[in-house]
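Notes follow once the structure below has been shown.
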Amino acid sequence: MRGILEKYGTAIAGLVLVGFFALAAPNFAAPNNLLNIAKETSFLAIIALGFTLALVTAELDLSVADVASLAAVVTGALVHTGQPVLLAVGAGLGVGLLCGLVNGIAVTRLRVPSLIATLGMAAMARGFAFMLTDGVSYVGRWPAAFTDLARGKPFGIPALVLWMLGAVLFAFFLVKWTRTGARMTATGEAGESARLAGIDIRAMKSIGLALSGVCAGLAAVLLTSSLSSAAPNMAGDYFLYAIAAVLLGMTMFNPGHANIPGTLVAALILKVLGNGLVLMGAPYYVQDIVLGFIIIASVAVSSAVLKKAAFKF
């Protein structure tokens, strides 16, 4: 029972939370509301997946939200000026990839700690986003080929949910079933041992940070498509939520370690919590208080699990 609670306790608590809000929050269990929660989770989950892939290699990417905002305004600018949708989407993803690669170079070649390198990238991305827009949002009636990326319903399933599931499956397959994923994990868990075993740990860290940038770019494209607008700070609110999702995810399934299923479930729990509090009429600042508590508690639980595992050996 103790082992079950250690691995699945947070997920079980999430189910209890859903049951509580279903009983206490008006219209929480309404199909439309549940569908909205799933859609909102997609943006957070994709950004948090990128953060997770960087963390798997023992690196932080604190630039994900600002990189996403920059990718969004680049995408929005191209769509707004009538450029081909494929070009706009490619540019958004390319901006994310480029920022991730620059982060990787700064960390692995210039030996700047990822905390500092990605904070610097966040500041630069924010500055470029405001420079490109002069602080003005891009809005308008955009082509259906672009808006359907997020608003469409292929096979009757919301496109956002399919994008989220696709990103999760790709990340999970990469980490669990590929040689690159195994090397990324080894780099994060025992970097010196991985280096002595012949693994190019600099390449693995660069891949993790680059994928984090791509995930930020993908989330930006979908967010822009969903809202039919792009603003220089539109993804800013996802910064702390992405960190919270990754840290909360580290308390389940593979406690103490960043893992893909944990991040997905944690993102869903956070969105359920936010939605339920709003429906119950809680003030906006309550969400910030709860979010801060979740971040601190998640780190405490993960640290306790790692210390317990180390003591066993």
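The values are calculated or read from the model by the stated rules, or taken from the named source; none is laboratory data. What you see is a predicted model, and the numbers here were worked out from it, not measured in a lab. We place every Cβ from the backbone using ideal geometry, glycine too, and count neighbours over all the protein chains shown. The protein model used for the area step is the full one, side chains on, heavy atoms only, and it has no ligands, DNA or RNA in it. Shrake-Rupley method; radii C 1.70, N 1.55, O 1.52, S 1.80 Å.
Just to check I understand the Karplus step: with θ = phi - 60° and J = 6.51 cos²θ - 1.76 cosθ + 1.60, what whole-Hz values come out for the range 96-111, glycine and proline as x?
x, 5, 4, 4, x, 5, 4, 4, x, 5, 4, 6, 8, 9, 8, 6
HN-Hα J couplings of the range 187-196 from phi, Karplus 6.51/-1.76/1.60, θ = phi - 60°, integer Hz, Gly and Pro as x?
With coefficients 6.51, -1.76 and 1.60, one gets 4, x, 8, 8, x, 5, 5, 4, 5, 5 Hz.
May I ask you to list the residues of the range 208-230 whose amide nitrogen lies under 19 Å from a point 7 Å from Cα along the Cα→beta-carbon direction of Ser137?
Of the residues in the range 208-230, 219-230 have backbone N under 19 Å from the label point off Ser137.
Given R₀ = 30 Å, FRET efficiency for Tyr8-Leu162 by Cβ-Cβ distance, to 0.05?
So, using R0 = 30 Å, E works out to roughly 0.70.
Place a +1 charge on the Cβ of each Lys and Arg in the range 1-306 and a -1 charge on the Cβ of each Asp and Glu, then give the dipole magnitude about the Cα centre in debye, rounded to the nearest 20.
Its charge dipole is roughly 480 debye.
Kindly write out, for the range 125-132 in residue order, the coupling ³J(HN,Hα) from the Karplus curve 6.51 cos²θ - 1.76 cosθ + 1.60 (θ = phi - 60°), rounded to whole Hz, with x marking Gly and Pro.
4, 5, x, 5, 4, 6, 5, 5
How high is the relative contact order of the chain, given as a whole-number percent (alpha carbon pairs under 8 Å, six or more residues apart)?
32 percent
With unit charges on the beta carbons (Lys and Arg positive, Asp and Glu negative) and the dipole taken about the Cα centre of the chain, which residue among Ala282, Gly166, Leu44 sits farthest to the positive side?
Gly166
Across the chain, how large is the tail of the calculated P(r) beyond 28 Å, expressed as a percent of all Cα pairs?
Across the chain, Cα pairs with separations above 28 Å total 40 percent.
What is the spin-label model distance, in nm, from Asn254 to Phe293 if the labels are put 7 Å beyond Cα along the C-beta direction?
3.0 nm
Based on the Cβ-Cβ distance from Glu189 to Phe20, what FRET efficiency comes out when R0 is 41 Å, to the nearest 0.05?
Efficiency at R0 = 41 Å is approximately 0.70.
Please work out how many pairs of lysine residues in the range 1-306 are eight or more positions apart (or on different chains) and have Cα atoms closer than 20 angstrom.
Counting lysine pairs in the range 1-306 gives 4.
Less than 15 Å from a label point 7 Å out along the Cα-to-Cβ axis of Arg111: which backbone N atoms in the range 183-218 qualify, by residue?
Correct set: 202.
How many angstrom separate the Cα center of the range 43-84 from the Cα center of the range 97-126?
With the range 43-84 and the range 97-126 each reduced to a Cα centre, they are spaced 14 Å.
Keeping the other protein chains in place, figure out the carbon and sulfur percent of the accessible area of the range 1-306, with a 1.4 Å probe.
For the range 1-306, the apolar C and S fraction of the accessible surface comes to 69 percent.
Enumerate the amide H contacts of Gly152 below 5 Å, restricted to partners 5 or more residues apart or on another chain; note that Pro and chain-start residues carry no placed amide H.
Sorted by chain and number, the residues that satisfy this are Ala159.
Rounded to the nearest 0.05, what FRET efficiency do Asp148 and Met124 have when you use their Cβ-Cβ distance and R0 = 25 Å?
For Asp148 and Met124, the calculated efficiency is 0.20.
Using a 7 Å offset from the Cα along the Cα-to-Cβ direction at both Ala182 and Ala282, what is the distance between the two label points in nm, to one decimal?
4.4 nm
Kindly report the accessible area of the range 1-151 per residue (heavy atoms of protein chains, probe 1.4 Å, no ligands, DNA or RNA), in Å².
48 Å²
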